[in-house]
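Undergrad: Supplied in structure tokens, the structure appears directly below.
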Amino acid sequence: MNYELAGFIQYLKDIRHTSLNTAVSYERDIKKLYEYLSTQGITHVGQITATSLNSYVLFLEREGKKPATISRSIASMKAFFQYLYKKNILSQDLSEELHAPKIEKTVPEILSMEEVGMLLEETRGDSPKELRDCAMLELLYATGIRVSELIGLKMEDINLKMEYIKCQDAHKERIVPFGTVAKEAVSQYLNRGRQELVKDLGNPWLFTNCFGQPMSRQGFWKLIKGYGKKAGIRHEITPHTLRHSFAAHLVHNGADLHAVQEMLGHSDISTTQIYTRMNQSRIREVYAKAHPRG
């Protein structure tokens, strides 16, 4: 079965042009399916049935896996078995009858504007690392880009004069503007901090770790968590918290939802609409507290 899986992963990369993270996620999910099937005596794709896949979903539920985890596994199985069907490896798509469990949409954690100010204030300093950290956090909050996009920025992707960055994902390129505060922070980093970190001026990455190498997601997660703790912010902070806060604050201040969608890189406006619901929820909360008949 590993042969078919290897072909599927190659297909994702060469034909579908999926991101590396997506391909890795699909591969991990299918390998877990394989592990379960092997305990049932199934060692070849020709032995797999629709019942086998349904049994695996039931197994995940009995294991107490969260609906989001099960949904992701089903999505991976659907992609894999559709591939096997299209390639005539199987005579039918065995995943047709699989249905993802209903997932309740949770409201994302955001920081208040005051908390964002507290967090960013902690990055102020003159060392190369502090200048880098300040530039990264200011740019993240100013643009709302994903952490993978932030650490993947190259020098050619930022235009300080016109105040925008270019972000490229598997499907399209988008231009995201930023303001004067982020511009100043990035300028200070480029003028007084970056050379000390990268050593080689030919290094293409905008932000690096202290050894001149591209920063990892885990490294940046630790960085932002540390500043959150120093700022005295009690709840959990992740890089995505600033992305959510960026969007929520824009919507709260009257930004056009389609513009926010474009900046975030959401393919579906319904994904962006959660920030409208958050704003409406906040309005209801204020009304209930302040109105004499609330």
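The values are calculated or read from the model by the stated rules, or taken from the named source; none is laboratory data. Computed from a prediction, not measured in an experiment: that's the story for all the values here. Positions of Cβ are generated from backbone atoms using ideal geometry, with glycine treated the same way; all protein chains shown enter the neighbour counts. SASA here: full protein model, heavy atoms, side chains in, ligands and nucleic acids out. Shrake-Rupley method; radii C 1.70, N 1.55, O 1.52, S 1.80 Å.
Undergrad: Find, to one decimal place in angstroms, the Kirkwood hydrodynamic radius of the chain, where the mean of 1/r is taken over every pair of different Cα atoms and then inverted. Show your work: numbers first, answer last.
TA: Working: mean 1/r = 0.0454 Å⁻¹.
Its Kirkwood hydrodynamic radius stands at 22.0 Å.
Undergrad: So how do THR22, THR180, THR241 rank on accessible area, 1.4 Å probe, biggest first, that is with the largest at the start?
TA: THR180, THR22, THR241
Undergrad: Further, regarding this structure: Can you compute the modelled spin-label distance between THR69 and LYS154, with each label point 7 Å from Cα toward Cβ, in nm?
TA: It works out to 3.8 nm between the two label points.
Undergrad: Semi-axes, largest first, in whole Å: what does sqrt of 5 times each Cα gyration tensor eigenvalue give for the range 173-270? It would help to have the intermediate numbers written out before the result.
TA: Working: eigenvalues 152, 72, 38 Å².
Ellipsoid half-lengths, sorted descending, are 28, 19, 14 Å.
Undergrad: Another question about this same structure. Within the chain, what whole-number % of the accessible surface is contributed by carbon and sulfur, with the 1.4 Å probe and all protein chains included in the calculation? Mind showing how you got there, number by number?
TA: Working: 8620 of 16780 Å².
Heavy-atom surface of the chain belonging to carbon and sulfur, 1.4 Å probe: 51 percent.
Undergrad: I'd like the Karplus ³J(HN,Hα) series for the range 88-94: coefficients 6.51, -1.76, 1.60, θ = phi - 60°, whole numbers in Hz, and an x wherever there's a Gly or Pro.
TA: Once θ is set to phi - 60°, the couplings for the range 88-94 become 6, 6, 10, 7, 8, 7, 6 Hz.
Undergrad: Could I ask something else about it? Looking at the range 37-176 from every direction and averaging, what is the projected area of its Cα convex hull in nm²? Please list the in-between numbers first.
TA: Values: hull surface 55.2 nm².
Computed as one quarter of the Cα hull surface, the answer is 13.8 nm².
Undergrad: Averaged per residue, what accessible surface does the chain expose to a 1.4 Å probe, in Å²?
TA: Working: 16780 Å² over 294 residues.
In whole numbers, the chain has 57 Å² accessible per residue.
Undergrad: Right, here's the next one. Loop only per DSSP, at most 10 neighbouring Cβ atoms within 10 Å: give me the GluC sites (Glu not before Pro) in the range 149-249, ordered by residue number. Provide the component values of the computation, followed by the final result.
TA: Working: sites: GLU149, GLU156, GLU163, GLU173, GLU184, GLU196, GLU236; in loops: GLU163, GLU236.
Filter output for the range 149-249: GLU236.
Undergrad: Moving on. Expressed as an acute angle from 0 to 90° and rounded to the nearest 10, what is the orientation of the C-alpha long axis of helix 67-86 relative to the principal long axis of the chain?
TA: 60
Undergrad: State whether the range 107-214 is rounded, prolate or oblate according to the following rule on the C-alpha gyration tensor (a ≥ b ≥ c being the square roots of its eigenvalues): a/c under 1.5 gives rounded; otherwise a/b larger than b/c gives prolate, and the remaining case gives oblate.
TA: oblate
Undergrad: Need one number: convex hull volume per residue for the range 9-103, Cα atoms only, in Å³. Don't skip to the end; give the middle numbers.
TA: Numbers: hull volume 9.4 nm³, N = 95.
Roughly 99 Å³ of hull volume per residue.
Undergrad: Rounded to the nearest 500, what is the 222 nm mean residue ellipticity of the chain from helices alone, with -39500 (n - 2.57) per DSSP H run of 4+ residues and division by all residues?
TA: On the way: 14 runs with 168 residues, N = 294.
Value at 222 nm, helices only: -17500 deg cm²/dmol.
Undergrad: Taking the Cα centroid of the range 179-256 and of the range 1-77, what is the distance between the two, rounded to the nearest whole Å?
TA: With the range 179-256 and the range 1-77 each reduced to a Cα centre, they are spaced 35 Å.
Undergrad: Related question: Would you kindly find the accessible area of ASP14, with a 1.4 Å probe and non-protein molecules such as ligands, DNA and RNA excluded, rounding to the nearest 10 Å²?
TA: It works out to around 80 Å².
Undergrad: Excluding SER73 itself, what net charge comes from residues whose Cβ is under 9 Å from its Cβ, given Lys and Arg +1 and Asp and Glu -1?
TA: Values: positive: LYS32, LYS65, ARG72; negative: ASP29.
Charge balance in the 9 Å sphere: +2.
Undergrad: Assuming 0.36 nm per residue, please report the length gained on full extension of the stretch GLN40 to SER19 beyond their Cα-Cα distance.
TA: Result for the pair: 4.3 nm of gain on full extension.
Undergrad: Largest first, what is the accessible-area ranking of ILE224, ILE15 with a 1.4 Å probe?
TA: On the way: ILE224 0, ILE15 110 Å².
Largest accessible area first, the list is ILE15, ILE224.
Undergrad: Same structure, new question: Measure nothing but the geometry: give the 0 to 90° angle between the long axis through the Cα atoms of 180-192 and the longest principal axis through the Cα atoms of the chain, rounded to 10°.
TA: The angle comes out near 90 degrees.
Undergrad: How would CYS167, CYS210 line up by accessible area, probe 1.4 Å, largest first? Provide the component values of the computation, followed by the final result.
TA: Values: CYS167 5, CYS210 65 Å².
Descending order: CYS210, CYS167.
Undergrad: Now for a different question. Where does the charge balance sit around GLY7 when Lys and Arg score +1, Asp and Glu -1, over other residues with C-beta under 15 Å from its C-beta? Walk me through the numbers on the way to the answer.
TA: Working: positive: LYS13, ARG16, LYS31, LYS86, LYS87; negative: GLU4, ASP14, GLU27.
Result for the neighbourhood of GLY7: +2.
Undergrad: Net charge near ALA185: determine it from the other residues with C-beta under 14 Å of the C-beta of ALA185, scoring Lys and Arg +1 and Asp and Glu -1. Walk me through the numbers before you get to the answer.
TA: Details: positive: ARG124, LYS129, ARG132, LYS183, ARG192, ARG194; negative: GLU121, GLU122, ASP126, GLU130, ASP133, GLU138, GLU163, GLU184.
Around ALA185, the surrounding residues sum to -2.
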